[in-house]
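Participant: Please find one structure pasted underneath; my questions will follow.
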Amino acid sequence: MKSFNSNGDGKHKWTMVVDLDRCNGCGACTVACQAENNIAVVGEKLASEKRTMSWLRVERYFEGEWPDLRVIFLPMPCQQCGNAPCEPVCPVFATYRNPDGLNAMVYNRCVGVRFCGNNCPYGVRKFNWFRYKWEKPLQEQLNPDVSVREVGVMEKCTFCMQRIRRGKDAAKDEARDVRDGEVVTACAQSCPTGAIIFGDVKDPESRAAKLVKSKRRFRLLNEHGTEPSVVYLKGGA
Amino acid sequence: MCNAGCGIMVRTVMGRAKKVEGNPAHPVNGGGVCALGQAAVHQLYHPERLKLPLLRSGPRGTNAFKEVSWPDALARLADNMKKAEGGASYAVVSNPHDAVTVIASKTLKKMGSDNLAVQGLSAVEGRRLAAASALHFPDMAKAGCVLMLGSDVFAGEAAAHYGDRFGRMRRGNESKRGMMIYAGTRLSLTAASADRFVAAKEGSLGVLALAVAREYVSLLKGRGTVNPKTAAWEKALAGNADASSKTGVPEDAIKKIARDLYEHGPSAVIAGDDLTAHTNGAQALAAADFLNSILRETADDKDGVWPPAEKLSGYETIRKSTGVPEKFAPLGPLLASAANGKMKLGLIIDSDPVQALPAGLNARKALEATGFVAVFGCFLNDTTRYADLVLPDHQFLEAWSAQAAVTPHGTPFFNAQQPVVRPLYGTMQSGDAILKAATMAGFGIGVDTQEALLLGMVGDLRRNLEGVPPALDGKKAWEHVLQRGFAVASAKPSSAPGGSAKNPEAPRVDDPLFTGLAPDDFFLHPYTAANIGDGRVSNISWLLEMPEPMTSVKWGSWVEINPKTAARLGIADGDVLKVETKFGSAEAPACIYPGIGPDTIAMPVGFGHLDFGKHARGRGANVMSIVGDVEGKGFDYTAFRSVKATVTKTGKRMELIREGNPKGDYEGEVFQL
Amino acid sequence: MDEQERPPQHQEGERRMGGPRTEMPSLEELRGIAARKGQLKGLDIDLTMPEAWLNQYSLSPMFYTTRAYFVFTLALSSVVAWGAACWGYQIYVGMGVAGLRPPIFWGIYISTFVFWVGLSHSGTIVSSLLRLTKANWRRPVLRGAEAMTAFSLMVASLFPLIHIGRIWRVYYMFPLPNQRFLWPNYRSPLAWDMLAISVYLTASMIFLYTGLLPDVALARDLCPRGNWRKKYLTVLSLGWRGTHRQWHVYEKASTLLAVGVLLIAPSVHTIVAWDFSMSITPGWHTTIFGPYFVVGAIYSGVAGVISLMILLRWIFGLGQIIRTVHLYNLAKLELVMAVTWAYFYFVEFMTAWYAHNPVEFRIWEYQWERFPHLMIVMLGGTALAILMLSFHKVRTSPRLLFLITVLINVGMYIERYLIVIPVLTHRDNAYTWTDYTPSFVEISVAVGALAFFLLLYAVFSKLLPVVTVADIREGKIITGDVRIGNREVRVYADVEEPL
Amino acid sequence: MSHITVLGLFNRIEEPAAMLTPLGEIPVAKEDMTLISVAPYPDGAVLYDEHHSPLWAVAIVCGIVGFFAAIWLAGWTQWQINLNVGGKSTWSVPPVAITCYEFSLAGMVLGTFFGMLWYAELPDWNELAYDKDISRSKVGFLVRCRDEATAEMVEEIMKNNNVVRIKRGRDDY
């Protein structure tokens, strides 16, 4: 049964650093994610029921009153928690922590009890309420590296697992380690302000590894003991 | 899709475009791509794209067409070109720097007309095109403090560019954090990221610029910074004592801005629509320039906030070699003369003037009165309703093209673009179609295809591009540029004047004028939302489903209203409001939005298409249809924020589709940020 | 002989309470009914035999079917069919037809599940507790209570199936050996839940069946030749004869089963509570949930038993067997549970309110803001129950008892709704707050489930004896009247030697 | 060895109770007598149960079997499918404990039930000495006789004790 763990060698710990001081809330990451991960567009009616499938959203919080307003943008992907609350509640091992430090989601195993969604304090898990269709010829755009999810399964941000795998395969072919910056998630790649930095914190020279030591670092809802892999850097001077 | 000229790369698998990625080396976007750019692949595979030329079969205004063959369509276009020889033709394009614009411009000239206009050309953009001054190209990334005068750069065009520069400014260097102050009339997306938001009255930002300048100069004096011009500046700015009451910004807030600009330097001012979209816009822009000139002259600019004049001169070189027009016809007079029946041929290229231009400009009437209207584009839209011929264009991922432009921080560049996928349908590139028809009509410009034109361009250009070996011939040089996607124009010593070397002259800023129905009407504040931009992409479901960052509304338009005002008028979130101006009325649901002043309402542009595919048709209200014609002076632009509106409840309700919870977004402290 | 043929004396206490609602029909009357309605035509009961009335009474629900019953069953069946169709539609189209939306992944399917699991609790707990304590008034109540457990548990166990997104992959949750390393995760509370529910369902079915065994044999014997029931009754009775040996083992087994079931039942509802409290969701993650759920379950279950008993009395005219004294005793038990339950409410709300944990407090506020009517029904229902059940008059009035117990269960349903929903709508992440309204499909399925429960009961009453004849007989055997001075009292023999 | 069984039906429990002494004199052993009734009579009302049926032991053994089955199932699962879920330890105790509890009780209940059937010699659908009137509150008293002579003597005693009906059978229990 060791085959479960064979898709990672445990050499990496992928981490996303989100610099809130840089994030300007433009939402490019959201659409990049949508394009990369075959995320269905649900349409107006389902959107009005808040059933959008986006894996990454930019939350916006207001503080104060006109004209002394302060706004905080908070990009919210799956936090890939170290002690993920979503994992132990799954009755069929559809989600587990892989040796690369990611919350892997095995769509094929999922039966759709949705406990993981309830237990996620960040609210980043999405459920396939329906069979979503791609109107022709939009299906031509679908990324062949990412499966299109069936009705009745949970899905969520994977830290662009397919890109990680591609990067690792390329590195393996050339018999070297993965270089910093070789693997970037779609959101990090598209982010105009460079607010999202993706990397391997086990590589001490990586940008992410350096940034997670920043004095501005904090993690969301860490009081739940979830140990997220997404580290935020506090905004403001 | 947009005019910013970002460098993009497209990941393709088996001949299918999958994903748009930024070109990390490109001077505009530096590797990032905005949401609109990402959606290019969606546009490419959009189910509602046009596949064959369409000839009008019903009355105008109905979008009733029959399909015709390309030879037939081109013959008709050529016929009408012949008929319109002389000054009786015009063209509207969306991108001033694009190859198709060059073709349109050259063809029109051949036909004896110089009526080439750009849709939606804002004052800032117009000024930038005509710029000879580094004053308009401060680099935010290098600035220690930047004052945004109503410029919502993160939601407008070149969002990726400004995002990139902003990121660098803030945390390019962990030890030195750039500061951003935003002065404006609405808490825009850019204002949300600013360190300080200063709320000013509608149309008063020019006055604010002068007031800040005055405080800045007095600071200079007080702290003993010696500048020969200080006295002159002081004199020029002497008459702005009542700025605080005119702008609604308290005196100490103005002083604080000046102090920040002084202390955190090098500083710069970036002006935007809040400043210019009023009747006093030209003066206000001059005021902002004035402030910029002071900042530039007093700055210790070792970081290079201000581009050197010779760098900018490269733009003139590539502009000339590529044939990008220097000046465009002002839209207002052009459309007015078309409306008077003086135009026999109109070419509308990749733009939608009927939907996107203020109702006061009467684009619809102009098209109706034009003898023959040919529309080039990928989709049927509001403008094609008035077209005689619709010529389906390649989506840009299928097309050869090039742009010659200058980045907002003053780097002139030349973009070379090749098709990433084979054309899906029997479409033809607009440039090719125009060239073919023009050749048939006898107005040929010497090249047959857009691709040939591009080769010709590079032939002229190659010696002016950095990194292109001079030994390469035109074709090789083009391929060389294509490999990188772009080339930066090399700087040459130039005699062009850099900056405002002249003695300062006191800019004067008049009070803004407003067309309104009653004195206590609301200021109407149309703005560009970050999700669908100016409306050219509002048929793309990815973008419609992306929440507008500030309101988090998706799939529809809205009227932003201050919570207190709403409470006073008994308006609840989702109540459908009727917004009425002198020019008409529009209905949209209310969105209680804390980031807007109590005397203002704001509406996003780009909605309310009459026809733009099933996603855009009839979605929301088109705010431009109720915006008027108070013409600005000095540049070609419209003072589209000079309208006042009344707001009434219709009694209907329409729940806004929001991503976030309107109550919950005030409870951010849960995260202990 | 005469003495036994005579209808049983009313108990002393009962007479004080105003006596039974229906007078015992005389033998002649019984014969008359039999002749008139043809109901006993085939039924092989010799009405001249001693205690024939007992056989008649306990078996007549099986053999005597009115037109109203058919109409009622048909109506129930159509509701069930509609609910099933809605479920089918949901499977075909996707879970989206429910009103769920992120982050509200559990809706009324789960609250209904908890409700039915809760309702299932008292059946066996009451039954086994009364068995173990040898409470003699238990006897007529047993079957109804046990059947209620079995059926409500069957209905409850449907809900996880209705609720899951890919019902066609449900076997992933079972430990079935396979080649693909698909194995359930025992660290998930849902796996515990599934385990507990299936164990409880098995145990309560066995408990019900064991109790049924002698009565099935009775029905087999009394079933007329050629009646279609004969066959399955013969098979189900397993050849039970009632030898001394069989009775002896049976008694032992009953006691052991009662112990087993009594140990399983609280664990089941504790585990159902852990489905919630093992999460880290504020408002669910509380240590009180285990006992809170168990007490709530017994509270709602006893109310369910009372309602059902009264329904049985009314529908099958069993007033002679399920007498007011039984309802009176159950109502006393229910009063105790109501008070305990009120205490739990107090503890729960007090901590949330006083500690002012921001997330929990917001949920509390939201509950009052969004569901004030539900909160009032829920809290007021319990208060009213305590108030009313304190009155002797109420405890002896089936009509009032029925109203109160139904109100209690309505309140308990609301309680489950308010446990599941507001916690999910107002999570840690304020940006994701949203609202939930059950969709038409969800409501249809929930109503269909109620109808299914009633239908199961209705069908059960036609297939198997709905009253425990053997236990009542046993009660009669060990009962005698003793005269103390001028008063005759009924006494029960306890034949087992005390220590 | 073939037996003859005699089943007498009585109206009251006192009548078979009174027959014990005469029957003992024939002699008929206590093991050859049994009472068949529609409701349980207390032990000793007529007879005592002579058989030892340690049902509780069966229940406990089955419970223990369930316990170890659970350890095997939940424990083995965790050991073999060693996936990190939510940072829970590789061999997490609470799931095993809960599974053990449930399985033990399930084992106990199932053991009790099947043990009951075993000791009660059920199911047995053969035509056994029985009468439907037992379900109508008659008390049946069944005596197994070695030979015809004994059977006749037993019948005689039954008749002396107000028997309602007598049935004869062979090879019963």
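The values are calculated or read from the model by the stated rules, or taken from the named source; none is laboratory data. Predicted, not measured: the structure shown is a model, and the values here were computed from it. Reconstructed Cβ throughout: ideal geometry from the backbone, glycine too, with neighbour counts over all protein chains shown. Protein only, heavy atoms only, side chains kept; ligands, DNA and RNA dropped before computing areas. Shrake-Rupley method; radii C 1.70, N 1.55, O 1.52, S 1.80 Å.
Participant: Under a Cβ-Cβ cut-off of 9 Å, what is the net charge of the residues other than C:LEU212 that fall near it, where Lys and Arg count +1 and Asp and Glu count -1? Provide the component values of the computation, followed by the final result.
Facilitator: Values: positive: C:ARG143; negative: C:GLU146, C:ASP215.
Charge balance in the 9 Å sphere: -1.
Participant: Please average, across the residues of B:183-192, the number of beta carbons from any other chain that are within 10 Å of each residue's own beta carbon, and give a whole number.
Facilitator: Details: counts 0, 0, 1, 1, 6, 0, 7, 3, 2, 9.
Taking the mean over all residues of the peptide, I get 3.
Participant: Kyte-Doolittle cut-off -0.5, length cut-off 24 Å along the helix's own axis using Cα: show which whole DSSP H helices in chain B pass.
Facilitator: On the way: long enough: B:205-222 (25 Å, 1.23); B:281-298 (25 Å, 0.41).
The answer, listed by residue number, is B:205-222, B:281-298.
Participant: Same structure again: Looking at the square roots a ≥ b ≥ c of the eigenvalues of the Cα gyration tensor of the stretch A:2-233, which shape do they give, rounded for a/c under 1.5, prolate if a/b is larger than b/c, or oblate? Intermediate results must be reported in sequence, preceding the final value.
Facilitator: Working: a/c = 1.32, a/b = 1.01, b/c = 1.31.
Since a/c stays below 1.5, the shape of the stretch A:2-233 is classed as rounded.
Participant: Could you give the nm distance between label points at D:GLU31 and D:ALA149, where each point is 7 Å from its Cα heading toward the beta carbon?
Facilitator: If labels sit at D:GLU31 and D:ALA149, their model points lie 2.2 nm apart.
Participant: Continuing with this model, one more query. Please compute the modelled spin-label separation between C:TYR232 and C:ARG490, points set 7 Å along Cα→Cβ, answer in nm with one decimal.
Facilitator: In this crude label model, C:ARG490 to C:TYR232 measures out at 3.4 nm.
Participant: So how much slack lies between B:ALA238 and B:GLU263, counting 0.36 nm per residue of separation and subtracting their Cα-Cα distance, in nm?
Facilitator: 6.7 nm
Participant: In peptide C:355-366, how many Cβ atoms from other protein chains are near each Cβ within 10 Å, on average? Don't skip to the end; give the middle numbers.
Facilitator: Working: counts 0, 0, 0, 3, 3, 0, 0, 3, 0, 0, 0, 1.
Counting Cβ atoms of other protein chains within 10 Å of each residue's Cβ and averaging gives 1.
Participant: May I ask you to rank B:HIS264, C:HIS373, C:HIS326 by accessible area, largest first, using a 1.4 Å probe over the protein chains only?
Facilitator: C:HIS373, B:HIS264, C:HIS326
Participant: About the Cα centre of chain C, what is the dipole size in debye to 20, counting +1 per Lys and Arg Cβ and -1 per Asp and Glu Cβ, all else neutral?
Facilitator: Values: 43 positive and 33 negative charges, 204 e Å.
So the dipole magnitude of chain C works out to roughly 980 debye.
Participant: Run the dipole for the stretch C:173-290 about the Cα centre, Lys and Arg Cβ at +1, Asp and Glu Cβ at -1, nothing else charged, and hand back the magnitude in debye, nearest 20.
Facilitator: Numbers: 10 positive and 5 negative charges, 131 e Å.
For this selection, approximately 620 debye.
Participant: Where the only charges are on Cβ atoms (+1 Lys, Arg; -1 Asp, Glu), what is the dipole of chain B about its Cα centre, to the nearest 20 debye? Intermediate results must be reported in sequence, preceding the final value.
Facilitator: On the way: 74 positive and 70 negative charges, 155 e Å.
The dipole magnitude comes to about 740 debye.
Participant: With n ≥ 4 as the cut-off for DSSP H runs, can you work out [θ] at 222 nm for chain B, using -39500 (n - 2.57) per run divided by the number of residues, rounded to the nearest 500?
Facilitator: Values: 23 runs with 210 residues, N = 673.
So the calculated ellipticity at 222 nm is -9000 deg cm²/dmol.
Participant: Per DSSP H run of n ≥ 4, the term is -39500 (n - 2.57); total these for chain C, divide by its residue number, and report the mean residue ellipticity at 222 nm rounded to 500 deg cm²/dmol.
Facilitator: Values: 18 runs with 343 residues, N = 499.
Mean residue ellipticity at 222 nm (helix-derived): -23500 deg cm²/dmol.
Participant: Taking a cut-off of 19 Å between Cα atoms, list the lysines near D:LYS159, but don't count ones fewer than 8 places away on the same chain.
Facilitator: Qualifying lysines at Cα under 19 Å: D:LYS138, D:LYS167.
Participant: While we're on this one: Does the stretch B:1-73 classify as rounded, prolate or oblate by the C-alpha gyration tensor (a ≥ b ≥ c root eigenvalues; a/c under 1.5 gives rounded; else a/b over b/c gives prolate, otherwise oblate)?
Facilitator: On the way: a/c = 3.11, a/b = 2.30, b/c = 1.35.
Because a/c hits 1.5 or more and a/b exceeds b/c, the stretch B:1-73 counts as prolate.
Participant: In degrees between 0 and 90, to the nearest 10, how far off the longest principal axis of chain C does helix C:108-133 point, with axes built from Cα atoms?
Facilitator: Roughly 40 degrees, rounded to the nearest 10.
Participant: Using a 1.4 Å probe on the protein heavy atoms, what percent of the accessible area of chain B belongs to carbon and sulfur?
Facilitator: Numbers: 11530 of 22480 Å².
With neighbouring chains kept in place, the figure for chain B is 51 percent.
Participant: Given B:SER193, B:GLY410, B:MET440, which one lies farthest toward the positive end of the charge dipole of the protein assembly as shown, if we put +1 on the Cβ of every Lys and Arg and -1 on the Cβ of every Asp and Glu?
Facilitator: The one lying farthest along the dipole's positive direction is B:MET440.
Participant: How high is the relative contact order of chain A, given as a whole-number percent (alpha carbon pairs under 8 Å, six or more residues apart)?
Facilitator: Working: 439 pairs, mean separation 71.6, N = 237.
Contact order relative to length: 30 percent.
Participant: Using the beta-carbon distance between B:GLU466 and A:ASP169 and R0 = 35 Å, what value does 1/(1 + (r/R0)^6) give for FRET efficiency, to the nearest 0.05?
Facilitator: 0.45
Participant: How much accessible surface area, in Å² rounded to 10, belongs to the heavy atoms of D:TYR101 with a 1.4 Å probe?
Facilitator: Using a 1.4 Å probe on the heavy atoms, I get roughly 90 Å².
Participant: Just tell me which lysines come within less than 17 Å, Cα to Cα, of B:LYS582; anything on the same chain fewer than 8 places away is out.
Facilitator: Partners within reach: B:LYS644.
Participant: While we're on this one: Can you tell which of B:VAL118, B:VAL420, A:PRO77 lies farthest toward the positive end of the dipole of the protein assembly as shown, using +1 and -1 charges on the Cβ of basic and acidic side chains (Lys, Arg; Asp, Glu)?
Facilitator: B:VAL118
Participant: What does the buried accessible surface come to for B and A, summed over both chains, with the probe at 1.4 Å? Round to 100 Å².
Facilitator: Numbers: alone 25610 and 13110 Å², together 33030 Å².
For chain B against chain A, roughly 5700 Å² becomes buried.
Participant: Considering only protein heavy atoms and a 1.4 Å probe, what is the carbon-and-sulfur percentage of the accessible area of the stretch D:55-119? Mind showing how you got there, number by number?
Facilitator: Working: 2350 of 2930 Å².
Carbon plus sulfur share of accessible area: 80 percent.
Participant: Pairs A:LYS126/A:LYS168; B:LYS256/B:LYS302; B:LYS106/B:LYS436; A:LYS45/B:LYS19; B:LYS66/B:LYS342: which are spaced more than 18 Å apart, C-alpha to C-alpha? Intermediate results must be reported in sequence, preceding the final value.
Facilitator: Details: A:LYS126/A:LYS168 27 Å; B:LYS256/B:LYS302 24 Å; B:LYS106/B:LYS436 13 Å; A:LYS45/B:LYS19 27 Å; B:LYS66/B:LYS342 28 Å.
As for pairs spanning more than 18 Å Cα to Cα, those are A:LYS126/A:LYS168; B:LYS256/B:LYS302; A:LYS45/B:LYS19; B:LYS66/B:LYS342.
Participant: How much of the DSSP beta bridge set in the protein assembly as shown is antiparallel, as a percent to the nearest 5? Walk me through the numbers before you get to the answer.
Facilitator: Numbers: 88 of 132 bridges.
Of all bridge pairs located within the protein assembly as shown, approximately 65 percent are antiparallel.
Participant: At a probe of 1.4 Å, how much accessible area disappears from chains D and C on forming the pair, both sides counted, to the nearest 100 Å²?
Facilitator: On the way: alone 11450 and 24100 Å², together 29890 Å².
Buried area between the two chains comes out at roughly 5700 Å².
Participant: Explain nothing, just the number: relative contact order of the stretch D:35-173, from Cα pairs under 8 Å at least 6 residues apart, as a whole percent. The partial results should precede the final answer.
Facilitator: Details: 113 pairs, mean separation 46.8, N = 139.
Averaging sequence separation for qualifying contacts and normalising by length gives 34 percent for the stretch D:35-173.
Participant: Taking only Cα atoms, what is the 0 to 90° angle, nearest 10, from helix C:189-222's long axis to the longest principal axis of chain C?
Facilitator: On a 0 to 90 degree scale, this one is about 10.
Participant: Of B:LYS614/B:LYS649; B:LYS110/B:LYS327; A:LYS136/B:LYS51; A:LYS11/A:LYS156; B:LYS83/B:LYS365; B:LYS176/B:LYS311, which sit over 19 Å apart, Cα to Cα? Spell out each step's value before the answer.
Facilitator: Details: B:LYS614/B:LYS649 28 Å; B:LYS110/B:LYS327 17 Å; A:LYS136/B:LYS51 14 Å; A:LYS11/A:LYS156 23 Å; B:LYS83/B:LYS365 21 Å; B:LYS176/B:LYS311 26 Å.
Those over the limit are B:LYS614/B:LYS649; A:LYS11/A:LYS156; B:LYS83/B:LYS365; B:LYS176/B:LYS311.
Participant: Given axes a ≥ b ≥ c from the Cα gyration tensor, I'd like to know whether chain B is rounded (a/c under 1.5), prolate (a/b larger than b/c) or oblate.
Facilitator: On the way: a/c = 1.60, a/b = 1.21, b/c = 1.32.
Since a/c reaches 1.5 but b/c is at least a/b, the shape of chain B is classed as oblate.
Participant: Nearest 10 degrees, 0 to 90: what angle lies between the long axis of helix C:244-277 and the longest principal axis of chain C (Cα atoms)?
Facilitator: That works out to roughly 20 degrees.
Participant: I would also like to ask the following. For D:GLU50 and D:GLU14, what is the calculated FRET efficiency with R₀ set at 35 Å and r taken between the beta-carbons, to the nearest 0.05? Please list the in-between numbers first.
Facilitator: Working: r = 22 Å, r/R0 = 0.62.
So the FRET efficiency works out to roughly 0.95.
Participant: With label points built 7 Å along Cα→Cβ from the Cα atoms of C:VAL347 and A:GLU227, find their separation and express it in nm.
Facilitator: Going from the C:VAL347 label point to the A:GLU227 one covers 3.3 nm.
Participant: By average Cβ neighbour count within 10 Å, what is the ranking of B:217-230, B:389-402 from highest down? List each step's numbers first, then the result.
Facilitator: Numbers: B:217-230: 13.8, B:389-402: 24.4.
Descending mean neighbour count gives B:389-402, B:217-230.
Participant: Average the reciprocal distances over every distinct pair of alpha-carbons in the stretch A:29-162, invert the result, and give the Kirkwood radius in Å.
Facilitator: Details: mean 1/r = 0.0623 Å⁻¹.
Computed over the stretch A:29-162, the radius equals 16.0 Å.
Participant: Which net charge results when you count Lys and Arg as +1 and Asp and Glu as -1 among the other residues whose beta-carbon is under 12 Å from that of A:GLY27? Write down the numbers at each step before the final one.
Facilitator: Numbers: positive: A:ARG57, A:ARG60, B:LYS554; negative: A:GLU59, B:GLU545, B:GLU548, B:GLU659.
Spelling it out: positives minus negatives among the neighbours equals -1.
Participant: Report the FRET efficiency, 1/(1 + (r/R0)^6), for A:PHE218 and C:ALA383, where r is their Cβ-Cβ distance and R0 is 51 Å, rounded to 0.05.
Facilitator: On the way: r = 46 Å, r/R0 = 0.90.
Once rounded, the FRET efficiency stands at 0.65.
Participant: Suppose a student asked you for the relative contact order of chain B, using Cα pairs under 8 Å spaced at least 6 residues apart; what percent would you report?
Facilitator: Working: 1599 pairs, mean separation 120.3, N = 673.
Once normalised by length, the contact order is 18 percent.
Participant: Estimate for me the total accessible surface buried between chains C and A (protein heavy atoms, probe 1.4 Å, no ligands or nucleic acids), in Å² to the nearest 100. Intermediate values should be presented prior to the final figure.
Facilitator: On the way: alone 24100 and 13110 Å², together 33210 Å².
So the buried area, both faces added, is about 4000 Å².
Participant: From the alpha carbon gyration tensor of the protein assembly as shown, can you work out the equivalent ellipsoid semi-axes (sqrt of 5 times each eigenvalue) and give them in Å, largest to smallest?
Facilitator: Taking √(5λ) for each Cα gyration eigenvalue gives 86, 32, 31 Å.
Participant: Would you mind giving the mean number of other chain beta-carbons within 10 Å of the Cβ of each residue in A:127-139, as a whole number? Don't skip to the answer; put the middle values down first.
Facilitator: Numbers: counts 9, 5, 10, 5, 4, 2, 0, 2, 6, 2, 8, 8, 2.
Across A:127-139, the average partner-chain Cβ count within 10 Å equals 5.
Participant: So for the stretch B:522-668, Kirkwood radius off the Cα pairs, Stokes-Einstein at 4 °C and 1.567 mPa s: how many µm² s⁻¹?
Facilitator: 84 µm²/s
Participant: Now, a different point. Among the lysines, select those whose C-alpha is under 16 Å from the C-alpha of C:LYS462, and discard any that sit fewer than 8 residues away in the same chain.
Facilitator: In chain and number order, the partners are C:LYS230, C:LYS231.
Participant: Which one of B:SER218, C:ALA147, D:TRP118 has its Cα pushed farthest toward the positive end of the charge dipole of the protein assembly as shown, where Lys and Arg give +1 and Asp and Glu give -1 at the Cβ?
Facilitator: Toward the positive end, the furthest listed residue is B:SER218.
Participant: Counting only DSSP beta bridges with both residues in chain A, what percent are antiparallel, rounded to the nearest 5? Can you show the working numbers first?
Facilitator: Working: 21 of 25 bridges.
That works out to approximately 85 percent antiparallel.
Participant: Only residues of the stretch B:15-39 count here: report those whose backbone N is under 13 Å from the spot 7 Å along Cα→Cβ of B:LYS176, or say none.
Facilitator: none
Participant: Counting only protein heavy atoms, probe 1.4 Å: which residues of the stretch D:112-147 lose 40 Å² or more of accessible surface in the full assembly compared with their chain by itself?
Facilitator: Listed in order, they are D:THR112, D:PHE113, D:MET116, D:TYR119, D:ALA120, D:LEU122, D:TRP125, D:TYR130, D:LYS132, D:SER135, D:ARG136, D:SER137.
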